[in-house]
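To start, the structure itself, in structure tokens.
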Number of protein chains: 2
Amino acid sequence: MGTRRGTNLPRMGDFNQSVILETIRRSGEGLSRTELVAATGLSAQTVTNITRRLLDDGLIAEAGRTINGPGKPRITLRLISQSRFSVGVHLDPSLITLVLLDLAGDVVGRLAIHTPDSDPHRVVDSMARAIEELISSSGVDRARIAGVGIAAPGPLDAVKGTVIDPPKLQGWHRVPLRAVLAEAVELPVVLEKDTTAAAVGELWRGRGSAHDSFVFVYLGTGVGAALARGGDVERGSSRNLGEVGHIMVDPDGPSCACGARGCVEVVCTPQAIVEDAERAGVLRGDPPVSDEGIDARLARLCELAAAGDAPAAEVLRQAAIRLSVMIAALTNMLDVDRVVLGGPFWDRLAAVYLRELPEQLDRRSVTRSVHTLEVAGTVVGEDVAAVGAACVVLDAVLTPRASDLLLGG
Amino acid sequence: MGTRRGTNLPRMGDFNQSVILETIRRSGEGLSRTELVAATGLSAQTVTNITRRLLDDGLIAEAGRTINGPGKPRITLRLISQSRFSVGVHLDPSLITLVLLDLAGDVVGRLAIHTPDSDPHRVVDSMARAIEELISSSGVDRARIAGVGIAAPGPLDAVKGTVIDPPKLQGWHRVPLRAVLAEAVELPVVLEKDTTAAAVGELWRGRGSAHDSFVFVYLGTGVGAALARGGDVERGSSRNLGEVGHIMVDPDGPSCACGARGCVEVVCTPQAIVEDAERAGVLRGDPPVSDEGIDARLARLCELAAAGDAPAAEVLRQAAIRLSVMIAALTNMLDVDRVVLGGPFWDRLAAVYLRELPEQLDRRSVTRSVHTLEVAGTVVGEDVAAVGAACVVLDAVLTPRASDLLLGG
């Protein structure tokens, strides 16, 4: 607190501009200046000044007049969604997903390629080529692309822009992904944890309010989490918030490399679920299990459960219960309003998990007599990390954060 | 984000006033207007206007001139620490601790009484009488007392100001502590979780900066936690952030009422540590174990360990390791800079815990290649929850938060 700084006028103007732009963006149909005054609490003069600047910059346009009783007609201000774009790239050990977003947050282009192998150079080359292909096939003017956001598995070194030791990407050690990719594509690049990016995407697209809070539970090759509160995603001291792999959830679970037993990393991942199913004799037959990837085997397990196979359903139900132990540890500690689930493996698991988790979490909630805990899947869909990475770029361009109001903050 | 609001001038003035007041308070020796400009980043005119208001309100005073080369002498502005006071009350199942704080955050009065029994009426009566005694014995003008802060065990119902089901206080169920005490003492009363209050006290007294973050680990009858980030203590959606009692830390531990095994609540509390020591045959002799309270038995255990008793030291070392599993779950999830430990039982455990925890936490840190994690005891001492509760009152009076800058926030 000793270094807390005051707040001066110029930054406040930036902040108010972002509030107005965001309010217009979220309105969809657009808003009049009078409606903006009501929605933001700003003075009419401030709204007039800021909207004039946004019109000059080509970020919004006047989009029709509404005559509503006597007096001057109201002019609707609408976002020019095609005025800025950003690219989001999700680096997953098996798949690289790319999306092109416009300023409204809508996906206007998408591309997915298999991660070539673990060699960092080849991965960056493929990524750069895919970015160029995505941009050129979209027909979007390159000058309107604000930058590229990469969602990558943590932990990351945010200062250096390096990926430290991503699971399942052997040979990756402190790869300076941000710098190398920026050089390759000649665009600004930001690097963000996949889990954090996913929560940013959820905030952009979701119906959450500035006073809402949620834990995002990310189901990828590993399991991660993120935390959103007050309209912002919390990043943590080194931008590595959300490492939950070694929270203990099953006292009878297998040993973990960390020395403990039954950690999230060894009992909640898709690989652990599939191995459970194999041990239970649920996954057998043709093609032989050993020939399939985790993804295909998990898909088969979920199909079996959906088709009424009781042992398959039980394997998934137990997986949901183990995950609920971790989620409850987070929600009891963090006292949030909602739990949002997403990530590459979420779609498959959603049916069983959405059936089991609410009751498990309610039972484990220390504050259930004070407030309820909502549980839902992401509204963004399976590309949530890539979409979120692109939103991080739009955020950086358009949305100074509340904390930026503080001088020197 | 849809309801994010703009920021207008009047509140910004309040915020800047609090920044200046806090900067003067933290300086100790006082600061000149020129130094305030440098420290806060505010304009000279703003500093002049705000300091004039603070002088008029009697919160600061001109305290001497410094002649420093040619030009006008600098006038030092210093906090009038006796201009405002607040009372902090820590309700613990066995002890009620009260402190009287001045505006500088210094303890100018202290009183401790045994919690009479579990009857809420008698507890509130004793509390009210003790508050009156503390105030009258201090000789402080009642009109200068801004209010009373109570630190109580969670979970709480913050809206209603009720304590829901405090452990070890049988017969307490949804007691409207805030309203009842406010009526009894005729002062404004705020109710805060003990763990949260402790973190507020640490922030007020500590050397943390606005960019610093820490998890506060509270060792009381139960174990709780709090989270401070960016110069603020996070409260959570229902002001119940910090419930960590059911994080699993020992897969071989005893069963917990929640259905799991080895939860913090059954293996990390003073009671659990003392029972461990009894099972290990460490606590025997005269007086008979059964005649002593937990507190006295823990004290004996810690004395034995300090005197070189190896089995006693080992019991405490294992307790530290179990606690480190919980702390690591929090620090890996939350990515903070520091861990601060405190609470009623901290002083006894500090020697062993400060020896064991740093290494355990470093080993378990997922981000240790990116940043170190500092581990320390509270700088406030054993009254940290009571002091913190009093600071919550001073905070409410004097320090609008950054988030209050947002209209309607």
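Looking for whichever is more than 20 Å from A:MET333 (Cβ to Cβ) and of a type in the set (S, T, N, Q) here; the options are B:SER369, B:SER324, B:SER365. Which one fits?
Just one listed residue meets the conditions, B:SER369.
Would you point out which residue out of A:GLU314, A:GLU382, A:GLU303, A:GLU356 is at pLDDT below 95, surrounded by fewer than 22 Cβ atoms within 10 Å (Cβ to Cβ) and over 18 Å from A:PHE214 (Cα atoms)?
A:GLU382
Of all residues in the range A:250-262, which are more than 10 Å from every other protein chain (Cβ to nearest Cβ) and under 29 Å from the mean Cα position of the chain (by Cα)?
Within the range A:250-262, A:CYS256, A:ALA257 qualify.
Among the candidates B:VAL244, B:VAL217, which residue alone is more than 7 Å from every other protein chain (Cβ to nearest Cβ) and at pLDDT 90 or above?
None of the other options fit; the residue is B:VAL217.
Go through the range A:73-91 and report how many residues are within 17 Å of A:VAL200 (Cβ to Cβ), out of contact with any Ser or Thr (no Cβ under 6 Å at 6 or more places or on another chain) and not polar (S, T, N, Q). Steps first, answer last, please.
Keep residues of the range A:73-91 that are within 17 Å of A:VAL200 (Cβ to Cβ), which gives A:84-91.
Retained after the next criterion (residues that are out of contact with any Ser or Thr (no Cβ under 6 Å at 6 or more places or on another chain)): A:84-89, A:91.
Those still in the list that are not polar (S, T, N, Q) too: A:84-85, A:87-89, A:91.
Counting residues in the range A:73-91 that are within 17 Å of A:VAL200 (Cβ to Cβ), out of contact with any Ser or Thr (no Cβ under 6 Å at 6 or more places or on another chain) and not polar (S, T, N, Q) gives 6.
May I ask you to list the residues in the range A:160-175 that are in contact (Cβ under 8 Å) with a residue 12 or more places away in the chain and within 14 Å of chain B (Cβ to nearest Cβ)?
Within the range A:160-175, A:LYS160, A:GLY161, A:THR162, A:VAL163, A:PRO166, A:PRO167, A:TRP172, A:ARG174, A:VAL175 qualify.
Across the range B:293-336, what is the number of residues that are at positive phi and charged (D, E, K, R)?
Qualifying residue count, the range B:293-336: 1.
Please return the ranges of strands (runs of 3 or more DSSP E) entirely within the range A:199-251 where 3 or more residues are under 29 Å from A:GLN271 (Cα atoms).
Details: elements: A:213-219, A:223-229, A:232-234.
Passing ranges, in order: A:213-219, A:223-229.
Can A:GLY236 be described as in contact (Cβ under 8 Å) with a residue 40 or more places away in the chain, surrounded by 22 or more Cβ atoms within 10 Å (Cβ to Cβ) and not assigned by TED's automatic domain parsing to the domain that holds A:GLU192? Explain how you work it out, then say what you get.
On the way: in contact (Cβ under 8 Å) with a residue 40 or more places away in the chain: no; surrounded by 22 or more Cβ atoms within 10 Å (Cβ to Cβ): yes; not assigned by TED's automatic domain parsing to the domain that holds A:GLU192: yes.
Answer is no for this residue.
The values are calculated or read from the model by the stated rules, or taken from the named source; none is laboratory data. Just so it is clear, the model here is predicted, and its values are computed rather than measured. Positions of Cβ are backbone-derived with ideal geometry, glycine not excepted, and every protein chain shown enters the neighbour counts.
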